[in-house]
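Taken together, the values in this text are just the output of simple stated rules run on the coordinates, not laboratory data. The shown structure was predicted, so the numbers you read here are calculated from the model rather than taken from an experiment. Note that we place each Cβ from the backbone using ideal geometry, even for glycine, and neighbour counts take in every protein chain shown.
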Amino acid sequence: MIITRFAPSPTGALHLGHAHSALFAHQEARRAGGRFLLRIEDIDPTRCRPEFTRAILTDLAWLGLDWEEPVRIQSEHFDDYRTALARLDEAGLLYPCFCTRKDIAREIEGAGHAPHGPDGAVYPGTCRALSASERAERKAAGETYALRLDMAEAVRRSGDLHWRDRKAGIVTARPDLFGDVVLARKDSPASYHLAVTVDDALQGVTLVTRGEDLFDATHIHRILQWQLRLATPDYAHHPLLVDASGRRYAKRDRALTLGALRAAGKTVDEVRGMARMD
Ligand code: GLU
């Protein structure tokens, strides 16, 4: 049974690029007689807003998509992410990181060289070296901290990992390229990487469909699956929809939000055509 999902973040209105992604996931499920799920990825309290969530549901229904209830709202499931973090912590794979962005930039500058991963400069590991008593003292003093994965140790334990991608075939995971990624942020008890990995497994997703821009994130998700003993779904990373000049759609394209197109009198069929799915 194929189970797909669309997992938007309610940080703005859906645009044609989102419509493409949602229709892609829906079509993959329906074509296989499978199930299509919806998940609202609203773990970032600084950027997500409930009115965007409401607008997303309205837009998707207008597009003619149907999904199974209940919709999974990530902000209602922080306990699931805390449980996953506790497991990683018990396994000795997490450490608190007190660094600010400035601290990290200074450390990298001082080191004179900065390994770069797919997400930019790799965290130099400053807080990995702190002793247990230093950690306890800084926590007791009320310093805020993120939780990072000790990637070298995680990779040492997991050995080679792979996943299956519709287009790329069998991919060898390279989470090592990202360094010690953040799994819980100072301002949110879960990062995207942790929440998405836990939820895809909890929701029983068998085919993760999403844009190519998230291909690299799968390296991290794969090692988290291994560490948390979660099933590995298949992946289909689709090309991003681009406009006539080859630019990908983004939040700045106000006129091309689904709401704006609807208000301008476009029909569902026209919009689905613009999203190049029908
Ligand atoms: N919430 C993510 C986004 O809107 C997508 C996550 C995913 O499909 O894995 O970019």
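Of all residues in segment 148-163, count the ones that are outside any loop (DSSP other than H, G, I, E, B) and out of contact with any Pro (no Cβ under 9 Å at 6 or more places or on another chain). Talk me through it step by step, then tell me what you get.
Going through segment 148-163, the residues outside any loop (DSSP other than H, G, I, E, B) turn out to be 148-149, 151-158, 162-163.
Imposing the further condition that a residue be out of contact with any Pro (no Cβ under 9 Å at 6 or more places or on another chain) reduces the set to 152-153, 156-157, 162.
Selection size over segment 148-163: 5.
Restricting attention to segment 10-43 and to residues that are surrounded by fewer than 19 Cβ atoms within 10 Å (Cβ to Cβ) and not hydrophobic (A, V, I, L, M, F, W, C), the residue that is farthest from the ligand (Cβ to nearest atom) turns out to be Gly33.
How many of the residues making up segment 211-228 are in a helix (DSSP H, G or I) and either away from the ligand (no atom under 11 Å from the Cβ) or of a type in the set (A, V, I, L, M, F, W, C) (or both)? I'd like the intermediate steps shown before the answer.
Looking only at segment 211-228, we keep the residues that are in a helix (DSSP H, G or I), and these are 212-214, 217-228.
Right, trim to either away from the ligand (no atom under 11 Å from the Cβ) or of a type in the set (A, V, I, L, M, F, W, C) (or both) and you get 212, 214, 217, 219-220, 222-228.
So the answer is 12.
On the stretch given as segment 170-197, residues that are more than 9 Å from the ligand (Cβ to nearest atom), in a helix (DSSP H, G or I) and surrounded by fewer than 23 Cβ atoms within 10 Å (Cβ to Cβ) total 4.
Pairs linking a residue in segment 191-213 that is closer than 22 Å to Gly33 by Cβ and in contact (Cβ under 8 Å) with a residue 24 or more places away in the chain to a residue that is within 10 Å of the ligand (Cβ to nearest atom) and among the small types (Gly, Ala, Ser), with Cβ atoms under 7 Å and 6 or more positions apart or on different chains, are Thr209/Ala25; Arg210/Ser21. Of all residues in segment 214-254, exactly one satisfies the criterion of being surrounded by 21 or more Cβ atoms within 10 Å (Cβ to Cβ) and either without any contact (Cβ under 8 Å) to a residue 24 or more places away in the chain or of a type in the set (D, E, K, R) (or both), namely Arg222.
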